[in-house]
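Trainee: I have a structure I would like to understand better, so I am pasting it below and will then ask my questions one at a time.
The values are calculated or read from the model by the stated rules, or taken from the named source; none is laboratory data. In this text the structure is predicted, and so the values were computed from the model without any measurement. Cβ atoms come from the backbone with ideal geometry, glycine included; neighbour counts cover every protein chain shown.
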Amino acid sequence: MRSPHGSRGPDPDADLHARARIRNAAIHRFGAEGFGVGLRAIAEDAGVSPALIIRHYGSKAGLREACDEHVLALIRETKTESLATADPRAVLDNLARLDEYGSIAMYVVASLTAGGALATHLFEQMVTDATAYLEEGVAAGVIRPSRDPEARARQLTLGGLGGLLLQLRLDEAQGRRPDVATFMRELEHTTMLPTLELYTYGLFTTSSIYDAVLAAEGVDGGAAHAAPHDVAPDPPSPAQP
């Protein structure tokens, strides 16, 4: 139905685009500056008015909740693509898009650093999602089964986020404040290969320590030893000088 002035009225698609611009601008700002940043700065980045942010999200808290949901969805999608396939091109494709994920990683760090109920929810949902996509990798035959899938997912999530946060703090202590893209590239360069080596080949040459701890704790470790992918390939030989 046309308006009295002959226009078609507000474009619903444009409204959706504005909502996405606001959310993406907020993720970038929150990740870079923390959650103390004002709506006016986010509105300026998104090219909208602060009033439009309130119209779409109700409040700053509502905007942050929407950012959490979007960040979780992106992480879930990316990890599932990488782990639920034996095709290494999925991993390489994601590495090529590393700059895009910088703001996402920084947002997660900002949220966890801020603490509170939303941070707790974000972390627990990340663990839940990690459990699911790791199990998809198990089903695809590219990841070994675990005696306790949820505990393994929790440890991997804690380790990944802890390393990210620590590196940020070490850079700050040295007076370095690289932009998000540079930081993520440097982190990928220093951690990707050793992390993949550890995940691929393991650390211990036997299961004796693991078996001893299981026995001391009175825990049945049979599920882990029954894994069909339980034999890792020999680790690569050290590079010759």
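Trainee: Quick one: count up the residues across segment 33-82 that are crowded, with 16+ Cβ neighbours inside 10 Å, closer than 24 Å to T157 by Cβ, more than 12 Å from the chain's Cα centre (by Cα) and without any contact (Cβ under 8 Å) to a residue 24 or more places away in the chain.
Mentor: Total meeting the criteria: 1.
Trainee: In addition: Specify which of the listed residues (E150, E124, E100, E188) is modelled with pLDDT under 80 and either in a helix (DSSP H, G or I) or touching a Cys at 6+ places or on another chain (Cβ under 8 Å) (or both).
Mentor: Of the residues listed, the single one that is modelled with pLDDT under 80 and either in a helix (DSSP H, G or I) or touching a Cys at 6+ places or on another chain (Cβ under 8 Å) (or both) is E100.
Trainee: Suppose we filter segment 114-146 for residues that are over 17 Å from T80 (Cα atoms), loosely packed, with under 14 Cβ neighbours inside 10 Å and not charged (D, E, K, R); how many remain?
Mentor: So the count comes out to 4.
Trainee: Would segment 206-218 turn up any residue that is over 27 Å from the mean Cα position of the chain (by Cα), loosely packed, with under 11 Cβ neighbours inside 10 Å and modelled with pLDDT under 90?
Mentor: Looking through segment 206-218, at least one residue is over 27 Å from the mean Cα position of the chain (by Cα), loosely packed, with under 11 Cβ neighbours inside 10 Å and modelled with pLDDT under 90.
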